[in-house]
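*Asks:* Pasting in a structure now, in structure tokens, and then I'll have a few things to ask.
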Amino acid sequence: MTHNLPWADASADLFRHVTADKAALYRTIMEVFAAAKRQYRLQLRPDEVLAEADWRGNVPPAQEEVAAALVQLAAWGNLESQPDMTRVSTLNDYYRARFLYRLSRGGEAVEAGLTVFAQSLRHRAELQTVALEDIDSRLQALRRLIDEAEETDSGVDAAKAHEILRDLVRVFEDLTGNAQAFMAGVARSLELQQADATAIVAYKRRLIEYLERFMGDLIRRADAIANILHGLSLSIDDVLRQVAEREARDAAPGDASEQADETRRRWDVWRERWKGLRGWFLSTGNEPPQAELLRARARAAIPQLLSAIAAVNERRSGRSDRSADFRVLARWFAACASDDDAHRLARAAFALQPARHFSLEAPDDEIPASTSWLEAPPLTINPRLREYGEAAPRGPLAPMRDRSRERGLMAQQLAEESRQVEAARRRLATGRPIRLSELDELDTHAFGLFLGLLGEALAEQADPGQTVERQTGDGLLHIRLEPLAAGSHARIRTPAGVFSGRDHLLTIRPAHEQA
């Protein structure tokens with residue numbers, strides 16, 4: 001059994017003008033009243049509404065139509081009306097219905113809600129590198145405040161700590177909200193469907209640079225923020241308690257138990273916020289920090305964008321359907337000069353290849369592919385294999401093998417490989433310029449890392465003489481590749497052979513050391 005509440009029906013009426021037949025007229029009129037509210041104007045007459053409305057290039061309606069719309073909006077509760085007696089000069093004017101209109105409380109609420117709704121739709125989410133810097137600076141300020149209190153053996157200034165934590169929460173909420181919105185809509189599929197090829201390429205380049213810049217800043221800042229959070233672990237709980245007590249003093253007065261309960265509730269809220277902040281930059285159990293997940297999602301956004309661009313290009317290419325392909329193929333068959341040409345075209349078009357025969361009786365004797373199936377020796381198939389798809393009868397499952405030794409061996413191999421890769425990275429990422437010819441000899445892991453970095457740098461090079469400077473795709477290293485003279489030559493000896501080519505001046509440094 002349902003009950004219709006009067007206030008619910010009235011609230012629904014306030015939104016009826018959005019979906020009514022003359023919704024455009026009603027919204028234009030309501031925008032006039034919203035503007036008048038911002039200008040501190042109390043009331044409007046129908047002729048003032050008609051004169052001040054933005055009809056967006058259309059022919060303005062008649063004043064009678066505007067007056068009827070105002071009456072309808074007043075009936076729905078968006079506007080309030082009262083008789084207009086200021087312009088009465090004759091008895092006929094007195095009996096003629098004239099009204100002044102203003103926004104009602106419900107109309108103001110609807111306009112405010114629609115404004116927020118429109119702003120949310122137009123809002124472009126962003127990955128805020130500035131927010132990371134703000135979080136870092138506020139955590140450092142909090143650490144300095146706690147250190148000063150410990151050095152002077154006095155309590156932490158609760159007012160300053162409260163101010164820092166409020167700013168920290170506000171910045172962190174903006175960062176997480178924008179990051180979620182950005183990751184949810186990073187493919188920009190709706191915009192890409194309308195964009196031309198030039199705009200797509202330009203947007204792809206800007207987005208990739210944007211993501212690389214954010215990932216590099218995230219890597220540099222996340223480690224510093226994590227260290228500060230770890231250092232504050234022992235003393236932060238007492239600071240949060242003092243902040244909660246300061247907030248609880250502003251609550252409505254009550255007895256001692258109610259005050260204690262309010263303090264405990266606010267303390268739990270601040271603890272939860274701090275736990276969320278720690279979870280962003282420090283791992284909890286087996287869960288990686290949220291910053292790592294965001295970094296992985298940002299890196300995955302690049303192939304998603306490329307896939308979206310490929311889909312757009314595929315749609316733009318106007319690919320024909322299968323019936324059109326078969327008609328073109330039929331014309332090719334008709335143009336064949338002989339049956340042999342037609343057979344070769346059929347093999348190429350339908351991937352038809354000569355038969356391959358296999359015989360258990362004579363496995364070493366090769367049977368020519370030109371042999372017909374009727375003339376080739378038969379191959380006996382177990383009926384069970386034909387019926388059940390397996391030759392061996394079913395039975396109990398084999399006991400599970402203990403793979404702990406293999407897993408241990410694999411872990412050792414992975415650890416050794418990681419050690420070798422890190423050693424190769426330390427050798428190459430010195431931060432000092434070095435000529436390729438001076439590398440002389442590289443082992444397998446160092447050469448593999450070198451090839452990967454060289455490939456990323458050359459992918460950005462428009463011509464062989466251009467100097468390239470960029471950050472690697474994982475955001476860990478910064479590369480600068482400067483070509484030397486055209487006649488210069490470099491040779492690098494590796495276990496796989498000699499790598500040679502034009503000499504370059506190569507500078508590789510860790511991203512966090514980038515100036």
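The values are calculated or read from the model by the stated rules, or taken from the named source; none is laboratory data. Keep in mind that this is a model prediction, so the values were computed, not measured. A quick note on method: Cβ atoms are made from the backbone with ideal geometry, for glycine too, and the neighbour counts reach across all protein chains shown. Ligands, DNA and RNA are excluded from the accessible area calculation, which covers all protein heavy atoms including side chains. Shrake-Rupley method; radii C 1.70, N 1.55, O 1.52, S 1.80 Å.
*Asks:* Quick one: net charge of Ala35's neighbours, Cβ under 12 Å, K/R +1, D/E -1? Show your work: numbers first, answer last.
*Replies:* On the way: positive: Lys37, Arg38, Arg41; negative: Glu31, Glu48, Glu52, Asp54, Glu111.
So the surrounding residues net to -2.
*Asks:* Quick one: if the Förster radius is 22 Å, what FRET efficiency do Val18 and Glu52 give, using the C-beta to C-beta distance and rounding to 0.05? Can you show the working numbers first?
*Replies:* Working: r = 21 Å, r/R0 = 0.95.
Efficiency computed from Cβ-Cβ geometry: 0.55.
*Asks:* Can you list which of the GluC sites (Glu not before Pro) found in region 423-508 are DSSP loop residues with at most 12 other C-beta atoms within 10 Å? The partial results should precede the final answer.
*Replies:* Details: sites: Glu438, Glu441, Glu456, Glu460, Glu469; in loops: Glu460.
Here the GluC sites (Glu not before Pro) that fit, given the DSSP loop and packing criteria, are Glu460.
*Asks:* What list of ³J(HN,Hα) couplings, whole Hz, do you get for region 12-29 from phi and the Karplus terms 6.51, -1.76, 1.60, once you set θ to phi - 60° and write x for glycine and proline?
*Replies:* Whole-Hz 3J(HN,Hα) from phi for region 12-29: 5, 4, 5, 9, 5, 5, 6, 10, 6, 4, 9, 4, 4, 5, 5, 5, 4, 5.
*Asks:* Suppose each label sits 7 Å from its Cα in the direction of the beta carbon; what would the Arg427-Ala300 distance come out to in nanometres?
*Replies:* Between Arg427 and Ala300, the simple spin-label model gives 3.5 nm.
*Asks:* Further, regarding this structure: For region 407-515, what is the accessible area per residue in Å² when the probe is 1.4 Å? The partial results should precede the final answer.
*Replies:* Working: 6300 Å² over 109 residues.
That works out to 58 Å² for each residue.
*Asks:* Please report, in whole Å, how far the alpha carbons of region 441-497 spread along each principal axis, starting with the longest.
*Replies:* 33, 31, 13
*Asks:* A follow-up question, please. Place the peptides 80-86, 147-153, 27-33, 262-268 in order of packing, highest mean first, counting for every residue the other Cβ atoms within 10 Å and averaging per peptide.
*Replies:* Working: 80-86: 12.9, 147-153: 10.7, 27-33: 20.0, 262-268: 16.1.
In descending order of packing, they fall as 27-33, 262-268, 80-86, 147-153.
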